[in-house]
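S.K.: Structure provided below as structure tokens; questions to follow.
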Amino acid sequence: MPESVMVFSPSPQLTVTIEQVGDEEEIHLHAGGQGVWVARMIKSLGVRVVLCSAFGDETGHVVRTLILDEGLEVGAIDVAARNGAYVHDRRDGTRNEIAQAPGQPLSRHDQDELYNVALAEGLRAEVAMLAGVADPQVLPPDMYRRLAGDLRRNGTKVVADLSGEYLNAVLEGGVDVLKVSHEEVLRDGRATEETIPGLVAAMYRLREEGAANVVLSRAEHPALVLIGDEVRQVELPRLEPADHRGAGDSMTAGVAAMLARGRDLEEAVRTGAAAGALNVTRHGLGTGRADVISQFTTRVKLTALPGASSGAPPPASGAARSGGHTSPEQLADEVKRS
């Protein structure tokens, strides 16, 4: 079995875009949603990817056809529930929402079928990437807990990019690499302030909760990574964005693809950062050329974060309180003093 990634994307969306090209208006149909964007980038990086999803009603039929036309493999189940759809107008150069139809909830039977397909494909892959749902009503968070735990117990590395209750669930199941944004840790209450000390403390809390390694994106600022016991920042050349969306998903895709190839996490993060940075210079989410990304990866560096010295042990239940380990609060104080 070649190197491969299973992307769990329960309900991809149909996106309809109105564009102005010269004097003419154009209407484009695309498959969308986080899982699709991640899978598209993984394929661009030359790694086999299988998208595990449910498809139903008219929108589901169109979305599935568009995904297959891109050359992506699918582990699909047919359902009665409708996939979501999103219509936006970009004729003036900005993204203006016109209409959005949410995806419908999957029945208990359909949830079980999707779980079995994702589990089977995940166990055949080196890495499983768990993507979120655009509409929380589609699927209960507990499926993420079960899937993450079952896959990891049987040797598949799990990468997740989630928020809210879905993040809480996957942490309970356990995850090898968690990608999260600074907005999400602030919104979820894991960080109380948008400062380096506050975000570093949040990363160590995520470690306590079940994430072995953490990648924290910070919009236009350098991302932070917690690998092993060390927090570092990701430094790369600054580029002018054509479309700021999609950087985080491309970063997650790069990490998953490189782990599937057996690369270490440092190289995976650098590749992910390069993919994310280059994606924002393009129009189109989850797009990029593998050769350009590979070349750009050589310009990405992971540098020590002042105050978060190499070898700083992660907080563990009871250990930080006993004084044997550095707690998130203690680490934050060290960064402030540096």
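S.K.: List pairs: first residue in segment 250-270 and in contact (Cβ under 8 Å) with a residue 24 or more places away in the chain and at positive phi, second residue surrounded by fewer than 24 Cβ atoms within 10 Å (Cβ to Cβ) and of a type in the set (D, E) anywhere in the structure, Cβ distance under 9 angstrom, at least six positions apart or on different chains.
M.R.: Every condition considered, the pairs that remain are G262/E3; G262/E126.
S.K.: Something else: For A125, are the conditions met, namely being surrounded by 22 or more Cβ atoms within 10 Å (Cβ to Cβ), among the aliphatic types (A, V, I, L, M) and free of Cβ contacts under 8 Å to residues at least 60 places away in the same chain?
M.R.: So A125 does not fit the description; no.
S.K.: Still on this structure, please answer the following. Can you tell which of V280, V292, V255 is farther than 23 Å from T156 by Cα and either touching a Gly at 6+ places or on another chain (Cβ under 9 Å) or at pLDDT 90 or above (or both)?
M.R.: None of the others qualify; the one that does is V280.
S.K.: Here's something else I'd like to know. Could you tell me which numbered condition G93 fails, if it satisfies all but one of (1) free of Cβ contacts under 8 Å to residues at least 24 places away in the same chain; (2) at negative phi?
M.R.: Checking G93 against (1) free of Cβ contacts under 8 Å to residues at least 24 places away in the same chain; (2) at negative phi, the one that fails is (2).
S.K.: If you don't mind, another one. Applying the selection to segment 6-21, what residues are part of a strand (DSSP E or B) and under 26 Å from E113 (Cα atoms)?
M.R.: M6, V7, F8, Q13, L14, T15
S.K.: Among (1) surrounded by 19 or more Cβ atoms within 10 Å (Cβ to Cβ); (2) not in a strand (DSSP E or B), there is one condition V159 misses while meeting the rest; what is its number?
M.R.: The one condition V159 does not meet is (2).
S.K.: Output the helices (runs of 4 or more DSSP H) that fall wholly within segment 164-227 and possess 3 or more residues being closer than 25 Å to R153 by Cβ and not hydrophobic (A, V, I, L, M, F, W, C), or say none.
M.R.: 164-173, 196-209
S.K.: Would you point out which residue out of L123, L130, L151 is farther than 23 Å from R207 by Cα and modelled with pLDDT of 95 or more?
M.R.: When all the criteria are applied, what remains is L123.
S.K.: Shifting gears a bit: If you check L119 against the conditions, is it in a loop (DSSP other than H, G, I, E, B), of a type in the set (A, V, I, L, M, F, W, C), touching a helix residue (DSSP H, G or I) at 6+ places or on another chain (Cβ under 7 Å) and surrounded by 18 or more Cβ atoms within 10 Å (Cβ to Cβ)?
M.R.: no
S.K.: Can R82 be described as of a type in the set (D, E, K, R), out of contact with any Cys (no Cβ under 7 Å at 6 or more places or on another chain), touching a residue at least 60 places away in the same chain (Cβ under 8 Å) and assigned to a loop (DSSP other than H, G, I, E, B)?
M.R.: Considered against the rule, which asks whether it is of a type in the set (D, E, K, R), out of contact with any Cys (no Cβ under 7 Å at 6 or more places or on another chain), touching a residue at least 60 places away in the same chain (Cβ under 8 Å) and assigned to a loop (DSSP other than H, G, I, E, B), R82 comes out as no.
Each row is one residue, and each column tells you yes or no for (1) part of a helix (DSSP H, G or I); (2) buried (at least 18 other Cβ atoms within 10 Å of the Cβ); (3) not polar (S, T, N, Q).
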position: H30; (1), (2), (3): no, yes, yes
position: L51; (1), (2), (3): no, yes, yes
position: A54; (1), (2), (3): no, yes, yes
position: T59; (1), (2), (3): yes, yes, no
position: I67; (1), (2), (3): yes, yes, yes
position: I77; (1), (2), (3): no, yes, yes
position: Y86; (1), (2), (3): no, yes, yes
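The values are calculated or read from the model by the stated rules, or taken from the named source; none is laboratory data. This is a predicted model, so every value here is computed, not measured. Please note: Cβ atoms are built from the backbone with ideal geometry, for glycine as well, and neighbour counts cover all protein chains shown.
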